[in-house]
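Worksheet: one structure, shown below.
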Amino acid sequence: MLASMAATAPLFIQRASEAMGLPLGSMLTSLAGVPQDHVLVVVQLAGGNDGLNTVVPYGSADYYRKRPQLAIKAPGKGNDAALTLPGMDGIGLHPAFSGFRELYDDGVGCVVQGIGYPNPNRSHFSSMDIWHTADTSGRDNGWLGRYFDNTCSGTPEPAAGIALGNTAPLAMQGAKSLPVSFESPDLYRWMGEDFGEDVASAYKSIPGKQEAGTDDNLAFLKRTALDAQMSSNQVRKAVSVSPLTSWNGGDLATQLQTVAALIRAGMTTRVYYVTLGGFDTHANQAGSHQRLLRQVGDSLLSFQKELKAQGNDQRVLTMVFSEFGRRVGENGSGGTDHGTAAPMYLVGPMVNPGVLGTHPNMSNLDDGDLKYTADFRQVYAAVLKNWMGADADTILRKRWNPAPVLKA
Amino acid sequence: MPRALSPLAERDFGYWEAAHLLNRAGFGGTPTQILTLSNMGLKKAVDYLLEWERVDDPLSDGGEFRADIMQPISRDSRERRERARRDEDEKTLEQYRAARQERQRIDRRQMRSIQSWWLERLIETPRPLHEKLTLFWHGHFATGYRSVEDSWHMMLQNDMLRRNAGGNLKNDLVHNIIRDPAMIKYLNNNQNTRSAPNENLARELMELFTLGEGNGYTEDDIKGGARALTGMGYRDDAFAFNQRNHDSSAKRIFGRQGQFDGADFVELIFQRPSAAWFVPWKMHRFFVDDSTEISSDTKAAVNRMASTLKRNNWNVRPMLKELFRSKHFYDPSNRRSIIKSPVQLTVQAIRSLDTPVRSITRVNQACGLMGQELFFPPSVKGWEGGRKWINTSTLFIRNNLLVYLMTGRDPGAKAWQGSPGGWDATPLVAHLRGLNGRDEAKDIVTYLARFTLGDAPTDDRLDEWTTLAKSRGHIDNETLVHLLSLMTACPEYQLC
């Protein structure tokens, strides 16, 4: 078996790099275990973030007419007015999103406007699934799951993808791969360790004798049990080290702090996925949205500062998305309902800084919803192709023109 | 050469064979239950499980759920909404939207209640094979709530699958599933019309439900089948045929020409050779060997299952009877070889160890975290099963679930709350206490290891556990729980 693997491995490398037009060397460095790997951090704002109050079109009269209560004031009109975006006229940021504004000023932040897809699906689950599967019928595996299926040949790496949170996102689920997911590092372990020293000690022999050369279900389970113990120790050791910088930002910050610690500890994980919930602001949006954006902006800023202090910022691309935007008009409960197009945000020295794309037309709506100006799969294509060095066309099941979100 | 699936001799059916039968044709059991089954002998044991109508079923039929949550709004209401749209009356439209969202929220809550109801049923049923088959069909005719968004329709489907779980594959299951409101919605057959055919149901019916991908059908057959299925929709929570939408012209399917309708399409499908083979193959994966590879033993077994199924005009029980009585089923290579699904792990742990359920909501959540949320299959392909269930984090969840069931210690809880509580494991080993000339600790450890893992591991782990037990002095409940936690954390425990 080993001999045949040696025969096929060089062929795989050569043909793959020919297909991508990359020099042979760069393909070798993206093999598992080599620290120069690019990392993708996906931040999901769960529930449908209100894009219009995040990236504020203060130059639009329609915006103020349709949102008499909720609209963010134009810059200069008080404490809770929108922040300006240098170089942009009529487009600003929610004042609580100042953390992101700082990243923008540092040239490492990018806003991609008007992201959506054709025939928007306002069903509660389906629209979430569409972003996770990159398929408008929402019926496929996760797009990142397909990335793992497609990229990791041979024995899949135990922790190629890590999702924080108590539900493994569909985005990370592939045909062959399941993300490693845990709510917090402390839960990524066997609870029986707490029963006492003697039990914790006996636990170490649980995986049993590993038999080389067998590949039945028991051998597979034994290998996984051993991997589980090792990676659990690895993760907990990584997060026991104090961060290099100080952090602001609440629950999202805690998750990103964990991610930063794992990156720093040299985990060979390629994709991290974190989620912040609460964006489904059907009622009384003003206060809650402000608090959420404060968390998001501050966490992203802290995360980037930490990565920079570690010397890892060049390797890590952060992509922020939400499953849909919200309707243009406010509803009668001080909130907004499920909508369609909304911006995405990317962070890192490798992004094309600034505000990209076209803001959706505020007066030409689709039954009260924004019409999208760019398909989200173009952003996925850019990330897969140009950052992860993966076969975007196969993974997305179609050729999408990559959005110019990364520096050439 | 012995015929494939030739029967096991009665004298070869003992305790461990009964345990294997109960694990696979059910969700395991306590030592007493296994002993009872083994005392029946092979034939009577299989009959007892298979002819479940003879067993009293005191469990509720789920009729207390609401049918009205997602029912369409009245015609008057619809007309008022249309008028509001024309007049661009945002205020009224917003009321409709808010009302719909509220109904959807309530319906999602009911869906979770139905999940809990079914889990409880799986845990308590006196008819384990009946529920296990219902679970099989639930995964086979996979239908996802995420797209159906109607918990009552999901309940109706579950009910239909349960009623027909041991019935006729063609007449009771496939003919019914194409008339099932949840399935029709899930695969868009309500949008499959003469003027605008939708191929979803036709395709999955062949690819996933009856023949298997690429097994004896072409794209043209899908097109013809889709046209045959036009007009099959639902209204008022039941199947409704819409003549106007139906394409009654001639179609060409499998080389035959005719004005086929949906029922005709099913009949044509079952004339294909692969129709006899596909469901038996899936059942063999579910009950015997979860490998996706087809070994020569598997091939012979499935071929035999297929011929028995066909010979019995698509009634599944004779095929299952032959399978559960066969030497092949009890072959050592087929014992403790299937990776337990999350539901199997959970239900088997509770039934065999007789632990409390603690919180059915938490248990339901745990199944979701392990990758199997009832009524939410990841896709129309259902749950892949096998090794797909397992990675490092789901392994921890599985192990911690056992700790939770045995102690009530919730992994999500912030602090360790004192010693294990609420479950007494001492009855399990009462018969091993105070026997003259015996090494009690060794007996207890060996017995528990055999019970949880099938065969006591012959490696150092057994010695280690015995040493631990001895060091505790008297083996009290806490020590038993600690030992069982270690054993259920072994990789072997994930197999049944």
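All conditions in (1) at pLDDT below 95; (2) more than 24 Å from B:Lys340 (Cα to Cα); (3) not in a loop (DSSP other than H, G, I, E, B) hold for B:Ser393, with the sole exception of (2).
Considering only residues that are facing another protein chain (nearest Cβ under 7 Å) and assigned to a loop (DSSP other than H, G, I, E, B), look in region A:184-198 and name the one that is farthest from B:Glu478 (Cα to Cα). Looking at the filtered set, the residue picked out is A:Tyr188. The set of residues in region A:372-400 that are in contact with a strand residue (DSSP E or B) (Cβ under 8 Å, 6 or more places away or on another chain) and in a loop (DSSP other than H, G, I, E, B) comprises A:Tyr372, A:Thr373, A:Met388, A:Trp400. Is at least one residue of region A:360-382 of a type in the set (Gly, Ala, Ser) and at pLDDT 95 or above? For region A:360-382, residues of a type in the set (Gly, Ala, Ser) and at pLDDT 95 or above: present. Considering B:Ser307, B:Ser333, the condition of being more than 14 Å from chain A (Cβ to nearest Cβ), farther than 20 Å from B:Leu129 by Cα and without any contact (Cβ under 8 Å) to a residue 60 or more places away in the chain is satisfied by B:Ser307 alone. Listed by position, the helices (runs of 4 or more DSSP H) inside region B:147-252 whose residues that are touching a residue at least 40 places away in the same chain (Cβ under 8 Å) and crowded, with 18+ Cβ neighbours inside 10 Å number at least 3 are B:151-163, B:181-186. Among helices (runs of 4 or more DSSP H) entirely within region B:18-136, having at least 1 residues that are of a type outside the set (A, V, I, L, M, F, W, C) and within 30 Å of A:Lys66 (Cβ to Cβ) singles out B:75-86, B:90-124. As a summary of the residue check, B:Met155 satisfies the conditions (1) within 23 Å of the chain's Cα centre (by Cα); (2) away from chain A (no Cβ under 14 Å); (3) over 20 Å from B:Asp236 (Cβ atoms) except for the one numbered (3). Scanning region A:280-298 for residues that are touching a residue at least 40 places away in the same chain (Cβ under 8 Å) and either in contact with a Ser or Thr (Cβ under 9 Å, 6 or more places away or on another chain) or of a type in the set (Val, Ile, Thr) (or both) turns up A:Thr281, A:His282, A:Ala283, A:Asn284, A:Gln285, A:His289, A:Leu292, A:Leu293, A:Arg294, A:Val296, A:Gly297, A:Asp298. Residue count for region B:254-305, restricted to those that are out of contact with any Phe, Trp or Tyr (no Cβ under 6 Å at 6 or more places or on another chain), not polar (S, T, N, Q) and not in a loop (DSSP other than H, G, I, E, B): 27. Of the residues making up region B:122-152, those that are within 14 Å of chain A (Cβ to nearest Cβ) and either acidic (Asp, Glu) or farther than 23 Å from A:Met128 by Cα (or both) are B:Glu149, B:Asp150. Flag: A:Ser205 matches the condition of being within 14 Å of chain B (Cβ to nearest Cβ), touching a helix residue (DSSP H, G or I) at 6+ places or on another chain (Cβ under 6 Å), modelled with pLDDT under 95 and buried (at least 16 other Cβ atoms within 10 Å of the Cβ). Sub-7 Å Cβ pairs linking a first residue in region A:220-245 that is at the interface with another protein chain (Cβ under 10 Å from one of its Cβ atoms) to a second residue that is part of a helix (DSSP H, G or I) and of a type in the set (Ser, Thr, Tyr), at least 6 apart or interchain, are A:Thr224/B:Thr392; A:Asp227/B:Thr392; A:Ala228/B:Thr392; A:Ser231/B:Thr392, ordered by first then second residue.
If you filter region A:127-148 down to residues that are at pLDDT below 85, farther than 29 Å from A:Leu93 by Cα and of a type in the set (Gly, Ala, Ser), you find that the one that is surrounded by the fewest Cβ atoms within 10 Å (Cβ to Cβ) is A:Ser137.
For region B:381-403, check the following and say yes or no: at least one residue is more than 14 Å from chain A (Cβ to nearest Cβ), within 20 Å of the chain's Cα centre (by Cα) and either among the hydrophobic types (A, V, I, L, M, F, W, C) or surrounded by fewer than 23 Cβ atoms within 10 Å (Cβ to Cβ) (or both). No, there is no match, as no residue in region B:381-403 is more than 14 Å from chain A (Cβ to nearest Cβ), within 20 Å of the chain's Cα centre (by Cα) and either among the hydrophobic types (A, V, I, L, M, F, W, C) or surrounded by fewer than 23 Cβ atoms within 10 Å (Cβ to Cβ) (or both).
The values are calculated or read from the model by the stated rules, or taken from the named source; none is laboratory data. This is a predicted model, so every value here is computed, not measured. We place every Cβ from the backbone using ideal geometry, glycine too, and count neighbours over all the protein chains shown.
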